[in-house]
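The values are calculated or read from the model by the stated rules, or taken from the named source; none is laboratory data. In this text, all values refer to a predicted model and were calculated from it rather than measured experimentally. No Cβ is skipped: glycine too gets one built from the backbone with ideal geometry, and neighbour counts run over all protein chains shown.
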Amino acid sequence: MAFLSDTLARVKPSPTIAVTTKAAELRAAGRDVIGLGAGEPDFDTPDNVKAAGIAAIEAGKTKYTAVDGIPELKQAICAKFKRDNGLDYTPAQVTVGTGGKQVIYNALMATLNPGDEVVIPAPYWVSYPDMVLLAGGEPVIAEAGLETGFKLTPEALEAAITPKTKWLIFNSPSNPTGAAYSADELKKLTDVLLRHPHVWILSDDMYEHLVFDNFVFATPAQVEPLLYDRTLTMNGVSKAYAMTGWRIGYAAGPEELIKAMRKIQSQSTSNPCSISQWAAVEALEGTQEFIRPNQALFKGRRDLVVAGLNACPGIECPVPQGAFYVYPSIAGCIGKTSKGGAEITDDEAFATALLEEENVAVVFGAAFGLSPHFRVSYATSDAALTEACARIKRFCEGLS
Ligand SMILES: Cc1ncc(COP(=O)(O)O)c(C=O)c1O
């Protein structure tokens with residue numbers, strides 16, 4: 001009898017975490033590595049939020065809480081959805097988990113039966129297909145490539161839906177491309193979903209507040225109210241409030257689904273950290289004044305990186321509207337050989353050689369389901385980004 005489960009054999013470890021770990025190891029070994037792999041802001045949690053966490057500790061708010069969130073946080077989440085998205089939810093329709101990741105996992109665990117399909121546009125956040133597999137479902141990948149600005153077309157969505165489809169996982173702005181759907185673009189997708197009443201939508205709005213150039217964020221339940229009863233609108237404090245380590249994510253949707261997700265959480269982790277929950281109340285209810293300066297900061301970095309990468313021979317980098325990632329194509333580099341003698345057969349070979357020869361850590365596109373590309377996280381200093389672009393340029397110029 002095998003000791004490890006068959007389910008485990010269906011999934012792979014997170015490649016983004018692997019790249020970040022590898023970069024840290026090389027740095028610890030004395031190499032001057034620039035890490036462009038990490039998906040988190042490079043600055044600290046705002047002071048008012050930290051203070052709320054400290055106050056929670058001092059007030060003894062350190063015990064178990066309700067499994068899927070304290071009433072104060074659920075109330076703050078309802079107010080956030082109303083304020084930012086025009087969506088009406090009651091606290092009974094809200095769930096809070098240990099990061100957005102757990103919330104998505106709970107939703108899939110609570111709803112998927114063997115053979116159920118989940119449509120995932122590619123490139124995708126690395127965890128979606130593996131979480132679907134862990135929950136016993138089947139990921140169905142719908143390609144959304146460079147030619148459509150990395151956006152799923154209504155035709156591709158229609159073609160991916162079968163009688164077995166249970167969910168569409170929708171993510172805008174996207175990790176890994178930064179592509180964001182306008183309300184009009186989104187409406188074309190929700191029109192398709194209206195024709196398929198058995199399909200639910202899991203909208204991952206994690207990067208809502210990281211949009212540029214006056215882009216107006218929109219989410220499916222807001223764009224098409226007729227889908228409200230089959231939409232799980234998921235979000236979190238990790239990216240917008242630089243709170244990745246605090247581990248708080250949340251979602252709102254139909255009460256029956258929320259209850260089912262609570263049941264999963266009650267038998268796995270129970271409540272998310274009590275202290276983090278109080279900090280998240282402050283994040284959502286306190287001043288939002290750092291969001292705009294952060295947008296400006298990230299926009300500046302995006303422009304720097306896009307220009308730097310487009311100056312590299314063989315690379316084509318579109319300009320994304322949001323998040324803190326770019327997803328350049330390296331089609332022009334495939335089939336060449338690096339100065340160090342590495343054959344660039346695919347994007348994994350490109351990323352490996354770039355790390356070996358120029359000490360720049362990026363995540364190869366195959367990890368996100370669309371090649372030949374790589375993902376750059378520009379959530380790092382201008383100086384590091386400028387130097388990284390110079391190294392990538394030197395690497396590309398050395399290809400022959
Ligand atoms: C698209 C997307 N969704 C969800 C998450 C998970 O966020 P959290 O850190 O809150 O679990 C991430 C984190 O990288 C992400 O990029």
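The rows are residues; the columns are (1) of a type in the set (Val, Ile, Thr); (2) over 26 Å from residue 129 (Cβ atoms); (3) assigned by TED's automatic domain parsing to the domain that holds residue 204; (4) without any contact (Cβ under 8 Å) to a residue 60 or more places away in the chain.
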site: 296; (1), (2), (3), (4): no, yes, no, yes
site: 301; (1), (2), (3), (4): no, yes, no, no
site: 306; (1), (2), (3), (4): yes, yes, no, yes
site: 315; (1), (2), (3), (4): yes, yes, no, no
site: 348; (1), (2), (3), (4): no, no, no, yes
**Message:** If a residue must be among the small types (Gly, Ala, Ser) and either away from the ligand (no atom under 16 Å from the Cβ) or modelled with pLDDT under 95 (or both), how many such residues does the stretch 81-126 contain?
**Reply:** 4
**Message:** When you check residue 353 against the structure, is it assigned to a helix (DSSP H, G or I), in contact with a strand residue (DSSP E or B) (Cβ under 6 Å, 6 or more places away or on another chain) and not assigned by TED's automatic domain parsing to the domain that holds residue 238, yes or no?
**Reply:** no
**Prompt:** Mind checking which residues of the stretch 89-113 are buried (at least 24 other Cβ atoms within 10 Å of the Cβ), under 23 Å from residue 160 (Cβ atoms) and in contact with a Gly (Cβ under 7 Å, 6 or more places away or on another chain)?
**Reply:** 108
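Which members of the stretch 190-217 meet the condition of being β-branched (Val, Ile, Thr), closer than 24 Å to residue 284 by Cβ and away from the ligand (no atom under 16 Å from the Cβ)? Walk me through how you get there before you give the answer.
We begin by selecting, within the stretch 190-217, every residue β-branched (Val, Ile, Thr); these are 190, 192, 199, 201, 211, 216.
Now restrict to residues that are closer than 24 Å to residue 284 by Cβ: 201, 211, 216.
Passing the criteria: only 216.
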**Request:** List every residue pair whose Cβ atoms lie under 8 Å apart, where the two residues are 6 or more positions apart in sequence or sit on different chains, the first residue falls within the stretch 172-189 and is within 11 Å of the ligand (Cβ to nearest atom), and the second residue, located anywhere, is of a type in the set (Asp, Glu).
**Result:** 172/205; 173/208
**Message:** Please go through the stretch 314-338 and give me each residue that is within 16 Å of the ligand (Cβ to nearest atom), part of a loop (DSSP other than H, G, I, E, B) and not hydrophobic (A, V, I, L, M, F, W, C), ordered by number.
**Reply:** 320, 321, 327
**Message:** Let me confirm something: among 220, 225, which residue is assigned by TED's automatic domain parsing to the domain that holds residue 99, more than 13 Å from the ligand (Cβ to nearest atom) and surrounded by 24 or more Cβ atoms within 10 Å (Cβ to Cβ)?
**Reply:** 220
**Complete:** Log entry, pairs with first residue in the stretch 107-135 being on the phi > 0 side of the Ramachandran plot, second being not acidic (Asp, Glu), beta carbons closer than 8 Å, six or more apart or on different chains, reads 115/137; 115/164
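Can you give me the number of residues within the stretch 28-42 that are more than 16 Å from the ligand (Cβ to nearest atom) and closer than 29 Å to residue 295 by Cα? Steps first, answer last, please.
First, the residues of the stretch 28-42 that are more than 16 Å from the ligand (Cβ to nearest atom): 28-34.
After this cut, where a residue has to be closer than 29 Å to residue 295 by Cα as well, the list is 32-34.
Summing the residues that are more than 16 Å from the ligand (Cβ to nearest atom) and closer than 29 Å to residue 295 by Cα in the stretch 28-42 gives 3.
Pick from 116, 42, 6, 68: which is acidic (Asp, Glu) and buried (at least 20 other Cβ atoms within 10 Å of the Cβ)? It would help to see each step written out before you state the result.
Details: 116 fails: buried (at least 20 other Cβ atoms within 10 Å of the Cβ); 42 fails: buried (at least 20 other Cβ atoms within 10 Å of the Cβ); 6 fails: buried (at least 20 other Cβ atoms within 10 Å of the Cβ).
Among 116, 42, 6, 68, only 68 is acidic (Asp, Glu) and buried (at least 20 other Cβ atoms within 10 Å of the Cβ).
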**Item:** Residue within the stretch 207-226 that is of a type outside the set (S, T, N, Q) and part of a strand (DSSP E or B) present
**Value:** yes
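Looking at 311, 252 in this structure, which one is outside the structural domain of residue 98 (by TED's automatic domain parsing) and either touching a helix residue (DSSP H, G or I) at 6+ places or on another chain (Cβ under 6 Å) or more than 16 Å from the ligand (Cβ to nearest atom) (or both)?
Numbers: 252 fails: outside the structural domain of residue 98 (by TED's automatic domain parsing).
Answer to the check: 311.
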